[in-house]
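This report concerns only the one structure given below.
The values are calculated or read from the model by the stated rules, or taken from the named source; none is laboratory data. Note that the coordinates shown come from a computational prediction; the quantities given were computed from them, not determined experimentally. Ideal geometry is used to build each Cβ from the backbone, glycine not excepted, and the neighbour counts take in all protein chains shown. These accessible areas exclude ligands, DNA and RNA; they are computed on the full protein's heavy atoms, side chains included. Shrake-Rupley method; radii C 1.70, N 1.55, O 1.52, S 1.80 Å.
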Amino acid sequence: MGINDIQLPHRIAVVLAGIYLAAVVCNWTNVKYALKPAVTLLLALPTARGPSHAVFVGLLLSALGDTFLMLPDQESMFVPGLLSFLVAHILYLNGFNATLRSGGVSWIVAAPLGAFVSAMAAALYDGVARVEDTGVQVGVVVYILTIALMTYKAAMTQTPLL
């Protein structure tokens, strides 16, 4: 796929993502807050007609999750944001089924992903262990496993969804 094959929303999203990164470096809060969900929504547009509407809805929920986490009362919006992202990742899992390659487990993908996930879980362990709420601890584990499985399935798709 060449640059001419990339759809217009993706081209705009790439430009806005570059501006977003500059806003992060320069700490332009309002620009960051406007661009992060905008880029996700632009990426969602072409998926509305893709092989699975689950990816489209997942991207919409990801934009909503970003918005929740950017609201002034971030502490009370953390759980709704996290739930938006969790449901989005579950929808991505479903969406990636539409283009999953047949065959067994790819250890070329699974082994490095498993090592990375194990390292991330180990890095998070001390912070999560200090949280007294067992629900939060279980939630972190479920979230890590969901993202790991989603990443594996995304790597195993045979066609691009975006």
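Some notes on this structure:
- For the stretch 28-76, a residue qualifies if it is among the β-branched types (Val, Ile, Thr) and closer than 30 Å to Asn97 by Cα, and the qualifying residues are Val39, Thr40, Thr47, Val55, Val57, Thr67.
- Residue check, Val57 under 16 Å from the mean Cα position of the chain (by Cα) and surrounded by fewer than 21 Cβ atoms within 10 Å (Cβ to Cβ): yes
- Residue in the stretch 104-121 that is open to solvent by 60 Å² or more (accessible area, probe 1.4 Å), at pLDDT below 85 and not in a helix (DSSP H, G or I) present: yes
- Among residues of the stretch 77-99, those that are open to solvent by less than 60 Å² (accessible area, probe 1.4 Å) and part of a helix (DSSP H, G or I), counted: 13
- Scope the stretch 122-162; condition closer than 16 Å to Leu83 by Cα and either in contact (Cβ under 8 Å) with a residue 12 or more places away in the chain or surrounded by 12 or more Cβ atoms within 10 Å (Cβ to Cβ) (or both); matching residues: Val136, Gln137, Gly139, Val140, Val141, Val142, Tyr143, Ile144, Leu145, Thr146, Ile147, Met150
- Residue check, Val39 among the β-branched types (Val, Ile, Thr), surrounded by 18 or more Cβ atoms within 10 Å (Cβ to Cβ) and in contact (Cβ under 8 Å) with a residue 12 or more places away in the chain: yes
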